[in-house]
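Shown next, in structure tokens, is the structure this report addresses.
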Amino acid sequence: MSDALLLVLRAAEFAAHKHRDQKRKGTNASPYINHPLDLARILVEEGGVSDPNVIAAALLHDTLEDTETTEHELVGQFGDEVAGIVAEVTDTKWLQKRARKQLQISKAGKSSHEAKLVKIADKIANLRDIIADPPEGWSLGRQREYFDWSRNVIDGLRGTSVALEKKFDSLYRQRP
């Protein structure tokens, strides 16, 4: 087995373990691991991304934010590059929500190419989830706000991947 494939499989296994008790916010409450797996699929299938570090980071992208995982742990398990990409896309949880959202917009254009790919895939997956199964309790207004905020983040990432940006734009046109 190649080192690249092994890295991706180890990342999937690690993410599945870390997110094992979590569910998505939609009314279907699907297992959380479906979300990082979806990002990996979007990157490979729809974005043509083949960099195993990017795919591994996509699988791990919410571990720092939503589990007890530390960046040190990711470095030890997956190396500096993967851990660095994950750190770049991780939300700053200690900030208030409005400040966190604004920080994502302002940081978008300054991110590495690899982090930008993961961020675009994340927004694509989230918009698809909102269209198909909105988070429980989210009003139409809140759904629209998320779409608009996502567009502002993506606008800072333009020029990263034409294919992924077109996917995002197509989904944005389905704004509730």
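The values are calculated or read from the model by the stated rules, or taken from the named source; none is laboratory data. Small disclaimer: the values here were computed from a predicted structure and weren't measured. No Cβ is skipped: glycine too gets one built from the backbone with ideal geometry, and neighbour counts run over all protein chains shown. The protein model used for the area step is the full one, side chains on, heavy atoms only, and it has no ligands, DNA or RNA in it. Shrake-Rupley method; radii C 1.70, N 1.55, O 1.52, S 1.80 Å.
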(message) Let me spell it out: the conditions are (1) over 20 Å from ALA87 (Cα atoms); (2) open to solvent by 40 Å² or more (accessible area, probe 1.4 Å); (3) in contact (Cβ under 8 Å) with a residue 24 or more places away in the chain; (4) more than 14 Å from the chain's Cα centre (by Cα), and SER2 meets all of them except one. Which number is the exception?
(response) (3)
(request) Select from segment 6-40 the residues that are open to solvent by 90 Å² or more (accessible area, probe 1.4 Å) and assigned to a helix (DSSP H, G or I) and write down the one among them that is nearest to LEU59 (Cα to Cα). (result) GLU13
(message) Just to be sure I understand the filter: pairs with C-beta atoms under 7 Å, separated by 6 or more residues or on different chains, first member in segment 137-156 and open to solvent by 40 Å² or more (accessible area, probe 1.4 Å), second member among the aliphatic types (A, V, I, L, M). Which pairs pass?
(response) ASN152/ILE105
(message) Anything in segment 90-124 that is loosely packed, with under 13 Cβ neighbours inside 10 Å and within 22 Å of ILE33 (Cβ to Cβ)? List them, or say none.
(response) LYS93
(message) Taking the condition of being touching a residue at least 40 places away in the same chain (Cβ under 8 Å) and open to solvent by 90 Å² or more (accessible area, probe 1.4 Å), how many residues in segment 157-176 meet it?
(response) 1
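Residue-by-condition table, conditions (1) more than 18 Å from TYR172 (Cα to Cα); (2) among the aromatic types (Phe, Trp, Tyr); (3) surrounded by 15 or more Cβ atoms within 10 Å (Cβ to Cβ):
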| site | (1), (2), (3) |
| --- | --- |
| SER50 | yes, no, no |
| ALA58 | yes, no, yes |
| HIS72 | yes, no, no |
| PHE78 | yes, yes, yes |
| ALA83 | yes, no, yes |
| GLU88 | yes, no, yes |
| ASN126 | no, no, yes |
| ILE131 | no, no, no |
